[in-house]
Structures are given as C-alpha cells and as structure tokens.
Amino acid sequence: MGEQHVGEHPFDRLTPDFIIDAVESLGHLSDGRIFALNSYENRVYQVGLEEETPLIAKFYRPGRWTNEQILEEHNFCFELSESDISIVAPLRDESGNSLFEHEGFRFSLYPRCGGRAPEFDNLDNLFHIGQVLGRLHHIGSLKPFAHRPLLDVKSFGHQSADFIAEEFIPSALKLPYRSLVDDLLQLLDEIYQPHQQELIRVHGDCHVGNLLWRDETPHFVDFDDARMAPAIQDVWMLLSGDRERRTAQLSEIVEGYNEFNDFNASEICLIEAFRTLRMMHYAAWLAQRWHDPAFPKNFPDITGDRYWEEHILELREQFSLLQEEPLQLW
C-alpha cells in the first residue's frame, strides 16, 4: 500500500479535490479553503471546515515510512500527550485510528494550533524548553522504538556520503569530497562509538521551526523524524551564536532539564558530530529528492559546482571543530 505511487512526481495527485475528498472521507465537511503549509518531505495543508476550526492534513511521502513506523511515531506522541507534555499529536477517530488511507495515499489529521517562534535570546525560555525536554526524554527512555531507525554515523554519514559521491556530486569535485569525508567519517565513528548504547526515543528534528510558543509554554510539533538517538540530538539545534552564548544557552537548557531528568553531560561532545551528520544528510536528502518537482524549484543551486564547493568547505570547517574541546556547562 502506497508503493504504487512512488515515481517521478509522487505528489502530483494531491489536487484540491483529492485533499478535500480525503478529509471528508472521515466525516468532516470542508468549506473548500485549502492552504499549503511549508513542507518538502511530506505535503501538509490547512483545510477549512464548515462551522469548525480548520484541520491540518498531512499526506505522507509514499515509500518513506512503513505503516508500523508511522504508527510508532503516533503512539509516542500519544504517550507524551497522556503525560501532559505539550506536543501536537495526531487526531484519532472514534475507533482510535490515527493513520488513514485515501486512494493509495496515507494521511493523518492534526488540530490547528497557534503560537509563535520562541525567543532563544531569552534564557528563561530555554529553561522552560529544557524542562519539557527532560520530561519528554524520560518518557522516551521507558522503551525503545521497534520499527523506527537509529540516528547514527552509518545512516546519516556513510550512506549520505556514498550516495553523493556515486550519484550526484560534479565529477571534478568527487575526489576532494571523497578524500575529505573518508577522514571525517573515521573521526565521527571514533567520537560516536562510546555513545552507541545511550539511545532513547527522541523528537529527532528539534529546532525553532518545530516549536510553538504559546501561554508561556513551548509546544513541540512534527515528530516525523522521531528515532532512536542520544538525548543531545534534541538539544544541539537550539544553540546558536558564539561559544560563550552557546555555553549560556546549553547551561540554561540543562538546568531546566535536570529538574525532571538526569542530563548526560558526556554527550556534549556529540554536538559538533551531530551538526556534521546533519549537514551531510541534508545534502544527500536534497539529491535523493531531486525527482520531486518541489526540489529543483526551491533548491536549484545544488546541481552546480558552487554549492558543492561550499559544502566541502563547510565540512572542512567541521573537521576542525570536531577536534576542539566541547562546550563546558557553567
């Protein structure tokens, strides 16, 4: 189910009529208003309803996740919600179902939740985010995912580098890229190896775009990248600025975190490792999705030498950063 539509243009069939029909198949009555939200991996729409608050409809990319993997994400969200952790979970029908199908497309519905981006310049906000993350990770540590993948050097690093080198990078840059990433991956393997057993269920893509601030509380959205990883994966993307600033931010998050969970300070050395892996994975993701018309339209530069020259330069900088002392908590 779902695989039959994997092809050059997997989302071509998501016309307004198709989207409305999918939502109405669950008993809702649309008022015909549809607003596309910013999403490249899946397709997400706000759908207006007659005399009701609009819903958010998320259509999954065919072939990316299995039903078991999607439901495992949903069930994690339900666990968190039932523990009064402020996240936006999918809606369930009267039978308790949260994953639906319409003419070969899998989709789920979410409540529309307002909010603004949190202000990370306000350290009190980071303290509150740390508190919620501590509670979230406590629930995440109670049992593992059975079907969702790991975030590790093999999947985000080695496989990304192999795909780029073999399928996408301009031929003139293939040798310098391969030479650099071979050294980089060896170092990443060495850094990550001691932490391979420190895996819990995490949000996986915890950045400002997946946080809504409302009523002085952070609300976590979009668990589509939830997987098994060290807890620091949900922390490092909240840090920005110079070293002193990042140290202050991290210390504030950890202070809040420790009110509900024990932060593993040994994982701080993984911050630059995970940043490097994200860079590599992101570049490979763009290349792997090139058949989707949304990607050439929005990321036209990745077919040129300049993009990959800059990518190589960024990875060289990361190679140096990986050899520096990690941040220290205040």
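Quick notes on this structure:
- Put a plus charge on the Cβ of each Lys and Arg, a minus charge on the Cβ of each Asp and Glu, and nothing anywhere else: the dipole of the range 15-128 about its Cα centre is then about 400 debye.
- Answer label for P(r) over Cα pairs in 10 Å bins from 0, in percent (calculated), chosen among (1) 6, 24, 27, 19, 12, 7, 3, 1, 0; (2) 5, 25, 34, 23, 8, 3, 1, 0, 0; (3) 5, 23, 31, 27, 12, 2, 0: (3)
- Positive-end ranking of L250, F168, Q193 along the dipole of the chain, with charges on Cβ about the Cα centre, is headed by F168.
- Relative contact order of the range 123-322, taken over Cα pairs closer than 8 Å and 6 or more residues apart, is 35 percent.
- With 0.36 nm allotted per residue and the present C-alpha distance subtracted, the F35-R13 stretch has 6.3 nm of extension available.
- Taking the C-alpha atoms of the range 10-111, convex hull volume expressed per residue in Å³: 111 Å³
- For the chain, the share of accessible area belonging to carbon and sulfur comes to 47 percent (1.4 Å probe, ligands and nucleic acids excluded).
- Length released on extending from S81 to E190, taking residue separation times 0.36 nm less the Cα-Cα span: 35.5 nm
- Cβ-defined net charge surrounding R275, 12 Å radius [Lys, Arg +1; Asp, Glu -1]: -1
- Mean accessible surface per residue for the range 171-256, computed with a 1.4 Å probe while every protein chain stays in place, in Å²: 40 Å²
- Estimated translational diffusion coefficient (Stokes-Einstein, Kirkwood radius over Cα pairs, 4 °C, 1.567 mPa s) of the range 170-318: 74 µm² per second.
- The Cβ shell under 11 Å around D152 holds other residues with a net charge of +1, Lys and Arg each +1, Asp and Glu each -1.
- For the range 123-322, DSSP calls about 90 percent of its internal beta bridges antiparallel.
- Springs join every pair of Cα atoms under 10 Å in this Gaussian network model of the chain, and among F168, F145, F35 the largest mean-square fluctuation is at F35.
- Counting charges near A248 (Lys, Arg +1; Asp, Glu -1) among other residues having Cβ under 13 Å from its Cβ returns a value of -3.
- Placing a label point 7 Å from the Cα of S171 along the Cα-to-Cβ direction, no residue of the range 298-324 has its backbone N under 13 Å from that point.
- Efficiency of FRET between H28 and A117 - r from beta-carbon atoms, R0 45 angstrom, step 0.05: 0.95
- Pairwise label distance in nanometres, E198 with T66, each label 7 Å out on the Cα-Cβ vector: 3.0 nm
- Residue-span extension gain [E94 to R246] - 0.36 nm each, minus C-alpha spacing: 50.1 nm
- Projected label points at D301 and E325, each 7 Å from Cα along the beta carbon direction, are separated by 3.5 nanometres.
- Each Lys and Arg Cβ is given +1 and each Asp and Glu Cβ -1; about its Cα centre, the chain then shows a dipole of about 380 debye.
- For the residues F299, F220, F105, a GNM of the chain with alpha-carbon springs under 10 Å puts the largest fluctuation on F299.
- Three-way shape call for the range 230-281 based on the alpha-carbon gyration tensor, with the a/c threshold at 1.5: oblate
The values are calculated or read from the model by the stated rules, or taken from the named source; none is laboratory data. Note that the structure is a prediction, hence the values are computed from the model and not measured. We place every Cβ from the backbone using ideal geometry, glycine too, and count neighbours over all the protein chains shown. Side chains included, ligands, DNA and RNA excluded: accessible areas come from the protein's heavy atoms. Shrake-Rupley method; radii C 1.70, N 1.55, O 1.52, S 1.80 Å.
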